[in-house]
Each structure stands twice: as structure tokens, then as C-alpha cells.
1. Restricting to DSSP H runs of at least four residues, report the calculated mean residue ellipticity at 222 nm for the chain, -39500 (n - 2.57) per run over all residues, nearest 500 deg cm²/dmol.
2. For residue 3, list long-range residues whose amide hydrogen, built 1.01 Å from N in the peptide plane, is under 5 Å from its own amide hydrogen.
3. List the trypsin sites (Lys or Arg not before Pro) within the range 54-131 that fall in a DSSP loop (any state other than H, G, I, E or B) and whose Cβ has at most 12 other Cβ atoms within 10 Å.
4. Given a cut-off of under 8 Å on Cα pairs at least six residues apart, what relative contact order in percent is computed for the range 2-129?
5. Of all GluC sites (Glu not before Pro) in the range 49-131, which ones are in loop regions per DSSP and have a Cβ with at most 16 other Cβ atoms within 10 Å?
6. For residue 25, enumerate residues with amide H under 5 Å from its amide H, sequence gap 5+ or separate chain, H modeled in the peptide plane.
7. Length gain on complete extension for the stretch residue 103 to residue 25, per 0.36 nm per residue less the alpha carbon to alpha carbon distance?
8. Can you give the charge dipole size of the chain about its Cα centre, rounded to the nearest 20 debye, using +1 on the beta carbon of Lys and Arg and -1 on the beta carbon of Asp and Glu?
Amino acid sequence: MTLQTQDDYDKALKRFCGFCDSVIRTVLLQFDEGGTRRVEVHIAARDSETDENEGWVCVRIVVRDVTNFGVREGPRTPIQVVSHGIHILCIENRVGVEFGGAIDCPESFESFYSSDGFAIGGAVEFHVGSY
């Protein structure tokens, strides 16, 4: 599913329980043709729209046309378990995904830079697969 507005993103987050207590399986940076970048985050999460596997699915979050990103993990601060969920901020034609442990949603794109995991780009897609 391709999302375009903050309301769309909020509905998707609600479907996946905000990704609270989910587990990151993969973080992938890909350089596409034409000089664009894409960041993919594969997350095992609960889906409120299914009962199969007790609701567990794998969600592939794809951020396209990435302008800024960062992944940082210290020896005592792993980001694999997403205790506080992920956050999405959509302003005009840009969208940011924070998956680095922030408790509250960043209020500006500049505030994403202090997160241990984030990607800011032009569009975000969610792809739901089996657990």
C-alpha cells in the first residue's frame, strides 16, 4: 500500500499497533538508477487485520527518494527490538520514518537526526507478507 497523507500513515500505524514491541529483521539501503536511494526496513509486527500466526506478519516499509537517513547502534542500545514503535511524519511532499527508539514522534525533520534509526524521503510504501 502506498500512503500519501499523514492520516493515511496514522491509519497504517494503528493497523500495526504502532509497531510497538515489533522486531526489525532487516535494514537495507539501495542505490537505484538515476541516483536515487531507497531504504527498506523489514519488521515482524502484529497486524490487527489477521488472526493467522496470532496476528504476526512481516511488514516491509520502503522509503523512496531518500534524502537523509541514519542507522546507529551502540553496544548497549540495540535498535532491533522496537519497544516504543515507529513514527511517521508527513509534511508537504516529504515523509520521515523513525525506527530508532524515540518515545515521541519527532515534530520536524531536523529532530529525526538525533534518532538511532530514520529515513526521510519522498514516499513510503507498506508491503505485508507472511511472518
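Only the coordinates and a few stated rules stand behind these numbers; no lab work does. Everything numeric here is computed off the predicted structure, so don't read it as measured data. Counting neighbours? That spans all protein chains shown, and the Cβs are built from the backbone with ideal geometry, glycine included.
1. About -2000 deg cm²/dmol.
2. 124, 126
3. Qualifying residues, ordered by number: 72, 76.
4. Relative contact order comes out at 28 percent.
5. Loop-located and lightly packed - 49, 73, 92, 107.
6. Under 5 Å from the amide H of residue 25: 42, 43, 44.
7. Full-extension gain reported as 26.0 nm.
8. Using only the charged Cβ atoms, the result is roughly 320 debye.
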